[in-house]
Amino acid sequence: MLILSIIVLINKSLFNRKISRKWSFIFIILFILIIAFGVTLGVRQIYKLNITADVSEKYNMVKKNSSYNLPSDIDKKLYISFNTNYNTNYIIDYDNTINDKVNVEVKYYECYYDYYTKKDSNNLYISLRPDKRDRLSVYIDDFKEGKIYDNNELERYVVKITLNEKDKDRVVIK
């Protein structure tokens, strides 16, 4: 179609000829046929996709463990903030062998997030930033395989906080 339109334009510009109705009609018919063929192939590929709810067949959760000291002053509290854009499950576990520390374990799908932490004296910020380039690569690879995995499951992550039971009032989760 591209070659035909170039030939028609060269013919018109070099020889100063008028494009006949026959050529215009052929050009329009070919254009419609090519567009219809492309749409048909696209719809066929979409119907061949399998939507899979079990993401564990391809992706595994990654676990990050970190330990943080509580403020030395008993009256001060440690404020822990998480980005809560997605479904987050918080699990608080007590271990009386831990003294003046907080252990934070985050499980997430690495293909979806970049792990980031920032700690200052009394504040701890833990973020799982969505990585758009990795997500796009995941979508393209999955599309090539003919499968689409459940987004809600891939966006999920679990946060487990372990601390001494006597220190539970010294930790505030936002």
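Taken together, the values in this text are just the output of simple stated rules run on the coordinates, not laboratory data. Small disclaimer: the values here were computed from a predicted structure and weren't measured. Note that we place each Cβ from the backbone using ideal geometry, even for glycine, and neighbour counts take in every protein chain shown.
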Open item on the list: Quick test of the membrane-span-like rule: which DSSP H helices of the chain reach at least 27 Å along their long axis (C-alpha atoms) with mean Kyte hydropathy at least 0.5?
Closed with: 21-48
- [ ] Mind telling me which of E105, E57, E155 comes out most flexible in a GNM of the chain, alpha-carbon contacts under 10 Å?
- [x] E57
Task: Of S66, I140, L14, farthest towards positive along the dipole that unit charges on Lys, Arg, Asp, Glu beta carbons give the chain - done: L14
Open item on the list: Please report the antiparallel percentage of DSSP beta bridges with both residues in the chain, rounded to the nearest 5.
Closed with: 55 percent
TODO: Using only the Cα atoms of the chain, build the gyration tensor, take square roots of its eigenvalues as a ≥ b ≥ c, and label the shape rounded, prolate or oblate: rounded if a/c is under 1.5, else prolate if a/b is larger than b/c, else oblate.
DONE: prolate
Task: Candidate lysines for bridging to K174, where Cα separation is under 30 Å - those fewer than 8 sequence places away on the same chain excluded - done: K63, K64, K76, K77, K101, K107, K118, K119, K132, K160, K166
